[in-house]
């Protein structure tokens, strides 16, 4: 999923606000430093998600049968390959 810079910044502020409200957590850095790290994590995760999406779409396109996006068959294959690629990247055995 692609998010604008503004949306990512907004999400980072919401996440930081939630973390700061937790009395069980102790902080050893500046709030803005934490927010910037949250932004980096969000961007990294979104980039990985986009890479996985590209790989999965390419896999489905490589089928000899023409499978149209939006059909039930395409959705089933997409989720199957998406889950497999996610597990592969995370090092989880299938």
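The values are calculated or read from the model by the stated rules, or taken from the named source; none is laboratory data. All figures in this text were calculated on a predicted structure; none of them were measured in a lab. Methodologically, a virtual Cβ is constructed for each residue, glycine included, from the backbone with ideal geometry; neighbour enumeration extends over all protein chains shown.
Beta carbons closer than 7 Å, at least 6 apart along the sequence or on distinct chains, pair a first residue in region 67-87 that is over 15 Å from residue 50 (Cα atoms) with a second that is assigned to a helix (DSSP H, G or I) for 67/60; 67/73; 67/74; 67/77; 68/74; 74/60; 77/60.
The listed residues are 52, 60, 76, and the only one of them that is under 26 Å from residue 8 (Cα atoms) and at pLDDT 95 or above turns out to be 52.
Residue 42 - would you say it is at pLDDT 95 or above and under 22 Å from residue 87 (Cα atoms)? Spelling it out, residue 42 is indeed at pLDDT 95 or above and under 22 Å from residue 87 (Cα atoms).
Working carefully through the options 66, 53, find the one that is farther than 27 Å from residue 89 by Cβ and out of contact with any strand residue (DSSP E or B) (no Cβ under 8 Å at 6 or more places or on another chain).
Being farther than 27 Å from residue 89 by Cβ and out of contact with any strand residue (DSSP E or B) (no Cβ under 8 Å at 6 or more places or on another chain) holds for just one of 66, 53, which is 66.
So is residue 25 touching a helix residue (DSSP H, G or I) at 6+ places or on another chain (Cβ under 7 Å) and in contact (Cβ under 8 Å) with a residue 12 or more places away in the chain or not? No: the conditions fail for residue 25. Among the residues examined, residue 68 does not qualify as over 23 Å from residue 12 (Cα atoms), surrounded by 14 or more Cβ atoms within 10 Å (Cβ to Cβ) and in contact with a helix residue (DSSP H, G or I) (Cβ under 9 Å, 6 or more places away or on another chain).
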